[in-house]
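Undergrad: Next up is a structure, given as structure tokens.
The values are calculated or read from the model by the stated rules, or taken from the named source; none is laboratory data. Owing to the predicted nature of the structure, the values given are computational and were not obtained by experimental measurement. Here the Cβ is made from the backbone with ideal geometry for all residues, glycine too, and neighbour counts use every protein chain on show.
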Amino acid sequence: MGEFTLSEVDLYIYQVLVIDLVIAVVMISGLRFLTGLVANVNSAEELASRDNYAFGLAMAGGTVSLALMLTGAVSGEPGATFLSEVIAVLVYGVVGLILIKVGRLAQDKLILRGIEIQDEIKKGNLAAALVDVGNTIATGLVLRAVMLWVESDTFDGLLAVLAAFVLTQLMLALVTQYRLMVYARRNAGGSLQEAFKGGNVALSIRFLGNLLGVSLAITAASGVVAYDTASLPVALASWAAVTLLFAILVSLLAIVARSVILMGVHVVEEVDEQGNVGVAAIEAAVYIAMGLFFAALFAG
């Protein structure tokens, strides 16, 4: 029987993996306190005393988003030293946390004007919580894809992550605006924000699925466009163009598939008016499925 041995390089890599795992666990564990601090509430009171399911749902979404982002931060080649690895993971982790928060603020204050998502979550509005979950997980998916695409722990790599993040937030903003316009057209100028305020969970499920489907398609762009430090503006422009194309294709294919799967079902009446969660879940699943296919075909 052969003897199991580790070379110095193997031992160093495993030690780096342990360091990365410890940092990830600490950051995820601290999310509870950060969430309460940002929302200006006592997280234990919201979860246990008030049984605020919406707050718990939003925190769960933030945890998944943070985990997705951290998988991008810890991937790639290990640092030359333990210290350089710790610094790189911490820097990208903290930047990722800040960007997740920025994405949430952008959605709340700039894109979905007319509804204070965080205030609605404090009131226990599950529909608002699902909107927040969709946005934060979509942001986490995008950050993970960007960090894997950049494959660099340098300052230039960090700038590329920031630039790509801005571009993809604009893309997610377009998706949100599309959903706002579709709802207004289908409902005689009605407001999707007011529907979320009213607690229409079905609408928020469909919205979540649409965001996640597009964000998955965005992750696929990293497998099509090569990251090139020598011509970074061109690489970013190409990446943005491919993400836009993929987002459009995912939406179109999802509409076709949904029309077949839900043939004979009056979607507007069931979801928009009656709040049919089952029909909305099917719509959301179709969007996510299309996004997964694009990620599988192009991201690998």
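Undergrad: For the stretch 103-114, what are the residues that are over 17 Å from L216 (Cβ atoms), touching a residue at least 40 places away in the same chain (Cβ under 8 Å) and either of a type in the set (F, W, Y) or not in a loop (DSSP other than H, G, I, E, B) (or both)?
TA: A106, Q107, L110, I111
Undergrad: Residue by residue through the stretch 115-152, note down the ones that are under 16 Å from A221 (Cβ atoms), buried (at least 24 other Cβ atoms within 10 Å of the Cβ) and not small (G, A, S).
TA: Result: T139, L141, V142, L143, V146, M147, V150.
Undergrad: Considering only the stretch 152-200, how many residues are out of contact with any Asp or Glu (no Cβ under 8 Å at 6 or more places or on another chain) and within 30 Å of D228 (Cα to Cα)?
TA: Residues in the stretch 152-200 being out of contact with any Asp or Glu (no Cβ under 8 Å at 6 or more places or on another chain) and within 30 Å of D228 (Cα to Cα): 23 in total.
Undergrad: Determine, yes or no, whether G93 is modelled with pLDDT under 80, closer than 23 Å to G157 by Cβ and not in a helix (DSSP H, G or I).
TA: It is false that G93 is modelled with pLDDT under 80, closer than 23 Å to G157 by Cβ and not in a helix (DSSP H, G or I).
Undergrad: Could you tell me which numbered condition S251 fails, if it satisfies all but one of (1) among the hydroxyl-bearing types (S, T, Y); (2) more than 27 Å from D132 (Cβ to Cβ); (3) not in a loop (DSSP other than H, G, I, E, B)?
TA: (2)
Undergrad: Quick check on my filter: what residues within the stretch 210-232 are surrounded by fewer than 24 Cβ atoms within 10 Å (Cβ to Cβ) and within 30 Å of G275 (Cα to Cα)?
TA: L212
Undergrad: Could I ask something else about it? Is there a residue in the stretch 32-53 that is farther than 30 Å from A88 by Cβ, under 22 Å from the mean Cα position of the chain (by Cα) and either of a type outside the set (S, T, N, Q) or at pLDDT 75 or above (or both)?
TA: Yes, the stretch 32-53 contains a residue that is farther than 30 Å from A88 by Cβ, under 22 Å from the mean Cα position of the chain (by Cα) and either of a type outside the set (S, T, N, Q) or at pLDDT 75 or above (or both).
Undergrad: Could you please give the count of residues in the stretch 187-202 that are among the hydrophobic types (A, V, I, L, M, F, W, C) and either touching a His at 6+ places or on another chain (Cβ under 7 Å) or within 15 Å of L112 (Cα to Cα) (or both)?
TA: The total comes to 3.
Undergrad: Would you pick out the residues in the stretch 147-205 that are without any contact (Cβ under 8 Å) to a residue 60 or more places away in the chain, over 30 Å from F82 (Cβ atoms) and β-branched (V, I, T)?
TA: V166, V182
Undergrad: Here is a further query. Looking at (1) at positive phi; (2) modelled with pLDDT of 90 or more, find the lone condition where G264 falls short.
TA: (2)
Undergrad: Identify, please: which residue in the stretch 190-234 is hydroxyl-bearing (S, T, Y) and either closer than 22 Å to I255 by Cα or in a helix (DSSP H, G or I) (or both) and is, among those, farthest from the chain's Cα centre (by Cα)?
TA: Filtering first and then ranking leaves S231.
Undergrad: Also, I was wondering about something else. Before we move on, is I98 assigned to a helix (DSSP H, G or I), modelled with pLDDT of 80 or more and surrounded by fewer than 21 Cβ atoms within 10 Å (Cβ to Cβ)?
TA: yes
Undergrad: Another question about this same structure. Does V166 qualify as being surrounded by 18 or more Cβ atoms within 10 Å (Cβ to Cβ) and outside any loop (DSSP other than H, G, I, E, B)?
TA: no
Undergrad: Moving to a separate point now. Can you spot a residue in the stretch 268-281 that is crowded, with 19+ Cβ neighbours inside 10 Å, among the β-branched types (V, I, T) and more than 25 Å from A145 (Cβ to Cβ)?
TA: yes
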